[in-house]
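**Student:** Have a look at the structure that comes next, please.
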Amino acid sequence: MLTRRTFSKYLLAGGATLLDAKASRPADARFVLPGQDSSIRDCDLLIQGGTVIDPGQHLHAEMDVAIKGGKILEVSNNFPEGRARTVVSAKDKIVTPGLVDLHVHCFDGFGGVNADHYCLGRGSTTVVDCGSSGYAMIGGFVKYIVHAASTRIFALVDIGALGTVFGTKDSMKNLDWVNPTLTANAADANKPAVVGIKVRLQQSIQGTNDMECLKRALAAAEKSRLPLMAHVSDPFSPLPDILKMMRKGDVVTHMYNGHPHGILDSNGKILPEVLEARERGVIFDSAHGRSHFSFGVAEKALQQNFLPDTISTDLSEGNINGPVFDLPTTISKFLAIGMGLDKAIGRVTARPAGVFDYGVPVGTLRQGSEADVSIFELNEGNYEFVDSDQQKRIGRQKLVNTATICRGELFINEA
């Protein structure tokens, strides 16, 4: 069983065609009847009456979203229903730009998730695979995963030749497997799908070699003219030493882990070097993962107004059944510890959209941008959330995806 919800796809170009004959037509979607005049219907899909939250445009209001030709036609009040070929009611629901998950592993069959089921099927229209492949396998990843998916998938090339799929432990203790020239060449050969370089700084992966691995990863990033993402979780070297080498636009991921050499000092205060790094443009990403997110660390950081620049999952085969599940659940955890909804949505839309060069405008509902939209229920109740250390928090709200539009195609989750 691939998902917790049935996932049906509707193609909207030139009218709505049901692609899955076994799936029932959703109750809240209305289609043009045969014989109706469609000559004036200049909108392929109208998402009607939802609460639109688009922090990149400072929007939070009940509005309609009109889509035509795979692009956002307009976001407005009371868009004429008669101009639309297909109408989907979003009454009492939240409508956002398609979510952007900055950190996933989606090399399906090699420890990664199926992106169409676990990302697109939960509201993430754009995802970045973070180092599942090193230079030896990135070509296969692009051919068989990126090009085959409905989800917009981009990739970071791991500086370790084996990436994460075969190189979880000890993979960079032998520096012969850490080659900046081959990594940069592979990144260049696989652009535009490749948007960055990845390095994992963790004692179990490269022992005492973390600074040398970081140096080589930066060399690959410089040669390929791409940003670097550094997985920093229980490194051998102190975090300030690592941050000194990070450039403007580079990303530190797993910022809220509870391991040694984290962002907090012994008194629970944000390290001054962390604040300085953010000030000069280093990006801090949450990336939950199976062992990299601590409620305690996140709460102390939020109390000091050190919010994540981006919220991501680090989804993999090992955490889709807990503690991560999906990006809406990860967002809900931040709501549970006091982050406002608009701030959280901004960190999975506009902010991650600006981290890498995706070649198209995503993370926004601005007119002319890609028709990537997510529709959610914001359920109220008592929800128990668990972090990577099995610590629990009770939240009052939980986001649940009900439908997603990606590249102008409508996908509906049916309970």
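The values are calculated or read from the model by the stated rules, or taken from the named source; none is laboratory data. Note that the structure is predicted; figures quoted are calculated from it, not measured. Using ideal geometry, Cβ is built from the backbone for each residue, glycine included, and neighbour counts are taken over all protein chains shown.
**Student:** What pairs come out if I take residues in region 229-258 that are farther than 22 Å from Asp387 by Cβ and free of Cβ contacts under 8 Å to residues at least 60 places away in the same chain and pair them with residues that are of a type in the set (Ser, Thr, Tyr) and surrounded by fewer than 24 Cβ atoms within 10 Å (Cβ to Cβ) whose C-beta lies under 7 Å away, six or more apart or interchain?
**Tutor:** Here the result reads Phe236/Thr208, each pair linking region 229-258 to a residue that is of a type in the set (Ser, Thr, Tyr) and surrounded by fewer than 24 Cβ atoms within 10 Å (Cβ to Cβ).
**Student:** Could you go through region 265-274 and let me know if any residue there is farther than 19 Å from Ser286 by Cβ, hydrophobic (A, V, I, L, M, F, W, C) and either in a helix (DSSP H, G or I) or under 25 Å from the mean Cα position of the chain (by Cα) (or both).
**Tutor:** Checked against the condition, which is being farther than 19 Å from Ser286 by Cβ, hydrophobic (A, V, I, L, M, F, W, C) and either in a helix (DSSP H, G or I) or under 25 Å from the mean Cα position of the chain (by Cα) (or both), region 265-274 yields no hits at all.
**Student:** Now a separate question. Sort out for me the helices (runs of 4 or more DSSP H) sitting completely within region 171-259 that have 2 or more residues that are modelled with pLDDT of 95 or more. Even if it seems obvious, please write down each step before you answer.
**Tutor:** Values: elements: 180-189, 203-206, 210-224, 239-245.
Per the criteria, 180-189, 210-224, 239-245.
**Student:** Residue under question is Ile138, and the condition is that it be touching a Cys at 6+ places or on another chain (Cβ under 8 Å), more than 24 Å from Asp54 (Cα to Cα) and of a type in the set (A, V, I, L, M, F, W, C); does it hold?
**Tutor:** Details: touching a Cys at 6+ places or on another chain (Cβ under 8 Å): no; more than 24 Å from Asp54 (Cα to Cα): yes; of a type in the set (A, V, I, L, M, F, W, C): yes.
For Ile138, the condition - touching a Cys at 6+ places or on another chain (Cβ under 8 Å), more than 24 Å from Asp54 (Cα to Cα) and of a type in the set (A, V, I, L, M, F, W, C) - is not met.
**Student:** All but one of (1) surrounded by fewer than 17 Cβ atoms within 10 Å (Cβ to Cβ); (2) touching a strand residue (DSSP E or B) at 6+ places or on another chain (Cβ under 8 Å) hold for Asp241, so report the exception by its number.
**Tutor:** Of (1) surrounded by fewer than 17 Cβ atoms within 10 Å (Cβ to Cβ); (2) touching a strand residue (DSSP E or B) at 6+ places or on another chain (Cβ under 8 Å), only one is false for Asp241: (2).
**Student:** Shifting gears a bit: Being in contact (Cβ under 8 Å) with a residue 40 or more places away in the chain, closer than 14 Å to Gly262 by Cβ and surrounded by fewer than 23 Cβ atoms within 10 Å (Cβ to Cβ) is the filter here, so list the residues in region 272-303 that pass it.
**Tutor:** Ser291, Ser294, Phe295, Gly296, Val297
**Student:** If you don't mind, another one. Looking at Ala220 and the list (1) of a type outside the set (S, T, N, Q); (2) farther than 24 Å from Gly111 by Cα; (3) free of Cβ contacts under 8 Å to residues at least 60 places away in the same chain, which single condition is not satisfied?
**Tutor:** (3)
**Student:** I've got another one for you. Is one or more of the residues making up region 6-14 at pLDDT 95 or above, out of contact with any helix residue (DSSP H, G or I) (no Cβ under 6 Å at 6 or more places or on another chain) and at negative phi?
**Tutor:** Within region 6-14, not a single residue is at pLDDT 95 or above, out of contact with any helix residue (DSSP H, G or I) (no Cβ under 6 Å at 6 or more places or on another chain) and at negative phi.
**Student:** When both residues are 6+ apart or on different chains and their Cβ atoms are under 6 Å apart, which pairs have a first residue that lies in region 139-153 and is more than 19 Å from Val362 (Cβ to Cβ), and a second that is among the charged types (D, E, K, R) and at pLDDT 95 or above?
**Tutor:** Listed by first residue and then by second, the contacts come to nothing, as the list is empty.
**Student:** In region 344-363, what residues are more than 12 Å from the chain's Cα centre (by Cα) and of a type in the set (Ser, Thr, Tyr)?
**Tutor:** Tyr358
**Student:** Of the residues Gly163, Gly111, which is without any contact (Cβ under 8 Å) to a residue 60 or more places away in the chain and at positive phi? Outline the logic, then answer.
**Tutor:** Details: Gly111 fails: without any contact (Cβ under 8 Å) to a residue 60 or more places away in the chain.
Just a single option satisfies the conditions, and that option is Gly163.
**Student:** For the subset of region 37-81 comprising residues that are polar (S, T, N, Q) and modelled with pLDDT of 95 or more, which member is surrounded by the most Cβ atoms within 10 Å (Cβ to Cβ)?
**Tutor:** In this case the residue turns out to be Gln48.
**Student:** Look through Phe385, Phe306, Phe334, Phe325 and report the one residue that is within 19 Å of Val232 (Cα to Cα), of a type in the set (Phe, Trp, Tyr) and crowded, with 18+ Cβ neighbours inside 10 Å.
**Tutor:** The match here is Phe306.
**Student:** Let me ask something else. Do we find that Lys398 is crowded, with 19+ Cβ neighbours inside 10 Å, in contact with a helix residue (DSSP H, G or I) (Cβ under 6 Å, 6 or more places away or on another chain) and at pLDDT 95 or above in this structure?
**Tutor:** Yes.
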